[in-house]
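Working notes for the structure below.
Laboratory data are not the source of any read-out in this text; all were calculated from the coordinates shown. Since this is a predicted model, take the numbers as computed values, not measurements. Here the Cβ positions follow ideal geometry from the backbone for every residue, glycine too, while neighbour counts run over all protein chains shown.
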Amino acid sequence: MIRVGIGYDSHRFERGRKLIIGGVEIPFEFGLMGHSDADVLTHSITDAIIGAAGLGDIGKLFPDTDSKWKDADSVAMLKTVIDMVITIGFMVEWIDSVVITEIPKISPHIENMKTALSKSGISYECINIKAKTNEKMGFIGRGEGIAAMATCVISMQKE
């Protein structure tokens, strides 16, 4: 059995926070606002996997009303989800994702992001990350924040 999931996340910029995308700290004057580390890429990947596994969504598993997740490491949260998926008999086969931002440039950090994300239990070779702009349109185009989308394929493991 093969299942496909889709995930989306967006966060606005905020002063005084680190910018973490795909588990990598990116030098920039702003971070992203959020309850956890606000890692927009990792959140979209996590939500795609949760959806494919039929486990609800990221807000259900990691509610922002729970202080346990305050400033939490999103790659660790992703690892928790990977472990859950394995427990119910699935394996992540493929991740395709896109980070949408005008600033900062994401492309120079993609290989490091893949390495960081692979620490969650997803094979490095099974992660694809693309960087796009929003052509100066909307909140992203105005430099107010970042969005990310991801799709994943999971498969049932044979016993």
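The stretch between LYS158 and LYS105 holds 15.0 nm of extra length on full extension. This uses 0.36 nm per residue minus the Cα-Cα distance. Between THR65 and ILE86, what is the spin-label point distance in nm, taking each point 7 Å from the Cα along the Cα→C-beta axis? The modelled label-to-label distance comes out at 3.2 nm.
First measure r as the distance between the Cβ atoms of ASP57 and LYS18, then evaluate 1/(1 + (r/R0)^6) with R0 = 22 Å and state the FRET efficiency to the nearest 0.05. Before the final figure, lay out the partial values.
Values: r = 25 Å, r/R0 = 1.13.
After rounding to 0.05, the efficiency reads 0.30.
Sum -39500 (n - 2.57) across every DSSP H segment of at least 4 residues in the chain, then divide by the residue count to get the 222 nm mean residue ellipticity, nearest 500. Numbers along the way, then the final one.
Working: 5 runs with 45 residues, N = 159.
For the chain, the value works out to -8000 deg cm²/dmol.
From most to least packed by mean Cβ count within 10 Å, the peptides 108-116, 145-153, 63-71 give 145-153, 108-116, 63-71.
Shape call for segment 14-74 from the C-alpha gyration tensor, a ≥ b ≥ c root eigenvalues: rounded (a/c under 1.5), prolate (a/b greater than b/c) or oblate? Intermediate values should be presented prior to the final figure.
Numbers: a/c = 3.09, a/b = 1.63, b/c = 1.90.
Oblate.
Taking amide H as placed 1.01 Å from N in the peptide plane, the amide H of PHE28 sits under 5 Å from that of LEU19, each at least 5 places away or on another chain. Spatially close Lys pairs in the chain, defined by Cα atoms under 22 Å apart and a spacing of eight or more places or different chains, total 26.
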